[in-house]
Amino acid sequence: MLEGFASVPKSKVFISSTGEQALKEFRQAAIDLCLDLNLIPIEQGNFATGVVVPVVACQENVRACDIFVLLLGREYGTLVPDGLRSFTEMEYETAIDCPNIGGRIHAWALNEGEQWDGQDWPAEQDKQREFKHLADKRREFHKRLNHRGVTAPLTKDVEAFKKKLKDELLNDEFIFSRSISPSDFAVDLLPVPE
């Protein structure tokens, strides 16, 4: 083991969110915070591309992590190929069952009534039905999270979010109680097809 590495944590943090623009700064704040705390951030933007089915790749990458950060905005997210749930919801369900994560789930949700950039309701009737269907799925997902008591409100204040997340992570003794070796810096991500 290299000298000085004994106190550096090797914990990996999976950052899950929908791809909506309103969450971009929050995703980046979570990534920056992880790097500041010597944690390894994992999120869809840094998955390798290749031949593995996206669902399998997402699930395996979640299972490889020790902490799960969930950011929910006003969109439900892209549906997995079976159309039953979004990638974001699938990642959360994988985290719940993951022994590595062991309940270290930090979820933040935009309040139901709060909108940051107007609700774009499509003009076409088919699109309206799809939009309503996804909005209903989003509401149901948020209800399940609220019932489990795992969400905190997400407001427009990125710095306040970053401070609260930092406090949560620093209060988790597990994160900073592990030693690493140089090989722990290798993060094997499963490829996701383009």
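Structure above, values below:
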read-out	value
Candidates 41, 81 - the one that is at pLDDT 85 or above, open to solvent by 10 Å² or more (accessible area, probe 1.4 Å) and in contact with an Asp or Glu (Cβ under 9 Å, 6 or more places away or on another chain)	41
Single residue of 189, 154, 165, 134 found to be open to solvent by less than 60 Å² (accessible area, probe 1.4 Å) and modelled with pLDDT of 90 or more	165
Boolean, residue 26 is within 11 Å of the chain's Cα centre (by Cα) and at pLDDT 95 or above	no
Set 118, 102: member being small (Gly, Ala, Ser), under 22 Å from residue 169 (Cα atoms) and modelled with pLDDT under 85	102
Residues being free of Cβ contacts under 8 Å to residues at least 40 places away in the same chain and of a type in the set (Lys, Arg) - total across region 151-173	2
Residue tally, condition open to solvent by 10 Å² or more (accessible area, probe 1.4 Å) and in a helix (DSSP H, G or I), over region 93-111	3
When residues of region 45-78 are limited to those that are surrounded by fewer than 23 Cβ atoms within 10 Å (Cβ to Cβ) and in a strand (DSSP E or B), the one modelled with the lowest pLDDT	49
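The values are calculated or read from the model by the stated rules, or taken from the named source; none is laboratory data. In this text, all values refer to a predicted model and were calculated from it rather than measured experimentally. Counting neighbours? That spans all protein chains shown, and the Cβs are built from the backbone with ideal geometry, glycine included. With ligands, DNA and RNA removed, areas are computed over all heavy atoms of the protein, side chains included. Shrake-Rupley method; radii C 1.70, N 1.55, O 1.52, S 1.80 Å.
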